[in-house]
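Input: a single structure, listed below in structure tokens.
The values are calculated or read from the model by the stated rules, or taken from the named source; none is laboratory data. On a predicted model such as this, the values are computed, not experimentally measured, just so you know. Positions of Cβ are backbone-derived with ideal geometry, glycine not excepted, and every protein chain shown enters the neighbour counts. Areas reflect the complete protein model, heavy atoms only, side chains present, ligands, DNA and RNA absent. Shrake-Rupley method; radii C 1.70, N 1.55, O 1.52, S 1.80 Å.
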Amino acid sequence: MARLKADGPIIHDGCQISEVQFGAYTEIGAGSRLSHVVMGDYSYCDRFADIANAEIGKFANIAAFARIGATDHPLDTAACHHFLYRSDDYWDDAEADADFFAHRQSRRASIGHDTWIGAGAMVKPEVALGHGAVVAAGAIVTRDVAPYTIVAGNPARVLRQRQPERIAERLIALAWWDWPHEALRGALQDFRSLSAEAFLDTYGG
């Protein structure tokens, strides 16, 4: 019997989940923390991932200890400590800074379909990863990444293309990530055995 289900995520022990919308066949690794996230169908994160204020596409592969939409601190004020905005943690007569939290939540990271974010990588707020993009382990992504591009380093820079541009464009047009579950099963052997170009030739992309 299949382990993952369409009707709800598998959430492993020790997770903190707040205001998250889960797609079908999703999984959250042990100890992970997600807040204000949309997690697309078939996407998963491994252990101790930290994801905030993010839109995650379908079939995203997020490795252990990755951080997406890392929250930040104010830099233009006299102090940058969170007593400025988590003030109710320190004083009975002070309130949290609702405007600060609303602004933070508005700065959303966007992760495309069929992406791979390596172990310990970080994707900063308001950064977009195109469909098919790959982030190497330990990379810190501070600017948008084009579709089917592999980036690495700190700050992340283009390492190489995952697929040639013409193949990437055809894959995006084919949009196999929108296929029904049964269609994915029917094409499973071809996904496994064919090159991207041969797959596109077979399925009309």
Handout entry: Shape box of the chain [Cα atoms, principal axes, largest first, Å]
Key = 66, 40, 24
Practice task
Please work out, to two decimal places, the log10 of the ratio I(q)/I(0) at q = 0.18 Å⁻¹ from a Debye calculation in which every Cα of segment 87-205 carries one identical scatterer.
Solution key: -0.96
Fill in the blank from the handout: Taking N as the number of residues in segment 70-126, the ratio of its alpha carbon radius of gyration to 2.2 N^0.38 Å works out to 1.48
Fill in the blank from the handout: Treating only Lys and Arg (+1) and Asp and Glu (-1) as charged, each at its beta carbon, one finds that the chain has a dipole about its Cα centre, in Debye to the nearest 20, of 940 debye
Problem - Cα-based shape type of segment 13-94, given that a ≥ b ≥ c are square roots of the gyration tensor eigenvalues and the cut on a/c is 1.5 - result: prolate
Fill in the blank from the handout: Residues whose built amide H sits under 5 Å from the amide H of Met122, excluding neighbours closer than 5 in sequence, are Arg67, Ala139, Ile140, Val141
Handout entry: Tensor-based shape of segment 142-205 (alpha-carbon gyration tensor, a/c under 1.5 rounded, otherwise prolate or oblate)
Key = prolate
Handout entry: Share antiparallel - DSSP beta bridges, the chain, percent rounded to 5
Key = 10 percent
Problem - Linear extension gain, Ala173 paired with Trp91, 0.36 nm per residue minus alpha-carbon span - result: 24.1 nm
Practice task
Just name one of Leu200, Val123, Ala146: the one whose Cα is farthest towards the positive end of the charge dipole of the chain (beta-carbon charges, Lys/Arg +1, Asp/Glu -1).
Solution key: Leu200
Handout entry: Relative contact order of the chain, pairs being alpha-carbon contacts under 8 Å that are 6 or more residues apart, as %
Key = 12 percent
Completion exercise
In segment 12-64 the accessible area split gives carbon plus sulfur, as whole percent at 1.4 Å, a share of 45 percent
Problem - Accessible-area composition of segment 139-200, carbon plus sulfur, in percent [1.4 Å probe] - result: 52 percent
Handout entry: Accessible area in square angstrom per residue, segment 1-66, 1.4 angstrom probe
Key = 48 Å²
